[in-house]
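**Q** The structure that follows is given in the form of structure tokens.
Please treat every number below as a calculation from the coordinates, not as lab data. Keep in mind that this is a model prediction, so the values were computed, not measured. We place every Cβ from the backbone using ideal geometry, glycine too, and count neighbours over all the protein chains shown.
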Amino acid sequence: MNQFLQARSNLPKRLRNDLVTAMKILILSKQVTSRVDLIANRFGRVWHFADGLRSLGHEVIGIAANYHGASGPTLQEFPNSLVWYSRRVRPWSPFSWHAHTRFCIRTAIQFKPDITFAVSDAFHLLLGRQVAAFIGSKLWVDFYDDYECFTGSRLPGIRKRVRSIAHAASGVSCVTALLSAEIKRRSSTAQAPIVIPNGVNSDQFKPGDKETARRSLGLPTTLELVGTAGALDGSRGLNAALQAIGVLRGEQRRDVKLVLAGTSRLDIRDRENIIPLGNLDFAQMPTFWSAMDVAIVSVLDDDFGRYCFPLKLAEARACGLPLVCARVGVMKDLICRAVGYCLAPRDPTSLASALDRQLADKRLSQWRPEDWRLLSERLSEALEEVLWSVRLAAGKR
């Protein structure tokens, strides 16, 4: 960190924000992540980074590729002058990507960004490199997952190009320290990418009254309820959760049910143990977590699970919920070692045992997720450092 940024970081927050170097930032992302529309729901990492950077005084334009929506560019402006374009893109069509790339370049030529911020999958890293090279901006790459696990990265040569982009980018951020170390190893970067975890909107996700929340969602007020949300399929190891609830209701004789929020692709045979709520509006998620006794955060021990940082982990913990998590990746460090009640992936016996103990003890981890606004400040400082490094280098010539 250069001397100016180091000195500014030691100032009180009010004075520190007054000294922010205003930048123009173009964000390139897909629009739907975790099956939630980031623009319509003001959801997730990309939305909150864009909103946070704009609130710090930067000019921000986002261009979101909607792999499932209507055609044509749609412009949306938000109260703090944040601008998002939504464009229909067919992800497997070279012609669709060519048209989208031309739109992004035209927008970038008019906007003249200092930073092109590429995020969400391998296709957008490729897009970001092309746009940044065309207009001469600095490229920042953000890994909120291991993109090499995504379907698009199976195409020949894509993984090699992703690693090349990470190596050449002006800056790289990752959602976990494990992913940062892995990206450094794969891409042979001089330094490990900075770690910026997922966070929460602390004005939205906070402890609420359990009985009020249950009545709002039409849930029973007398049963013990264990909840999980998001991607509800076998790729997250949730088939074990269905079996574990059966064990608790049968062998342990607990009056407990599993509550699911999201589109389920699970093979649910014993519906007596399950309460499926379907897709809730994202604004209802704080109510959902507040209605639960314990939350399950399950992933498999694979490349996706080891390097991810589930948003539901941060949201449930911010709502004051005891957690039972997979003993994998970031959850092993944040929750399992502190609380001890963890599950082995695909093991319903270990999950039933962990749930039984956590329902009785309700032990909380000391870890608390950070607010997106603080994480945006951290990202802003990292982006500024890139520009200051360029300016200092230019001044020496």
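**Q** For a 18 Å ceiling on Cα separation, which of these pairs sit above it: K160/K184; K24/K184; K24/K138; K210/K362; K30/K138; K210/K332?
**A** Over 18 Å Cα-Cα: K24/K184; K30/K138; K210/K332.
**Q** Another question, then. Hey, rough spin-label estimate for T263 and A360, points 7 angstrom out along Cα→Cβ, what's it come to in nanometres?
**A** The answer from the label model is 4.0 nm.
**Q** Beta carbons within 10 angstrom, averaged per residue: use that to sort the peptides 282-289, 173-180, highest first.
**A** The most tightly packed comes first, giving 173-180, 282-289.
**Q** Ok, one more. Percent antiparallel among DSSP beta bridges with both residues in the chain, to the nearest 5?
**A** Here the share of antiparallel DSSP bridges comes out near 10 percent.
**Q** Another one. Classify the stretch 210-361 from the C-alpha gyration tensor, please: rounded if a/c falls under 1.5, else prolate or oblate depending on whether a/b exceeds b/c.
**A** rounded
**Q** I want the local charge near V162. Using Cβ-Cβ distances under 11 Å, sum +1 for each Lys or Arg and -1 for each Asp or Glu among the other residues.
**A** Spelling it out: positives minus negatives among the neighbours equals +3.
**Q** Considering the chain, which cysteines have no disulfide-compatible partner, defined as another cysteine with its Cβ under 4.7 Å away?
**A** C104, C149, C174, C308, C319, C325
**Q** Using only DSSP helix segments of four residues or longer, with each worth -39500 (n - 2.57), what per-residue ellipticity at 222 nm results for the chain after dividing by its residue count and rounding to 500?
**A** -12000 deg cm²/dmol, from helical runs alone.
**Q** Residues with beta-carbon under 13 Å from that of R254, excluding R254: net charge, scoring Lys, Arg +1 and Asp, Glu -1?
**A** Net charge in that neighbourhood comes out at -1.
**Q** Right, another one. Go ahead and run the numbers for FRET between R186 and R337, Cβ-Cβ distance against an R0 of 30 Å, rounding to 0.05.
**A** Computed FRET efficiency for R186 and R337: 0.65.
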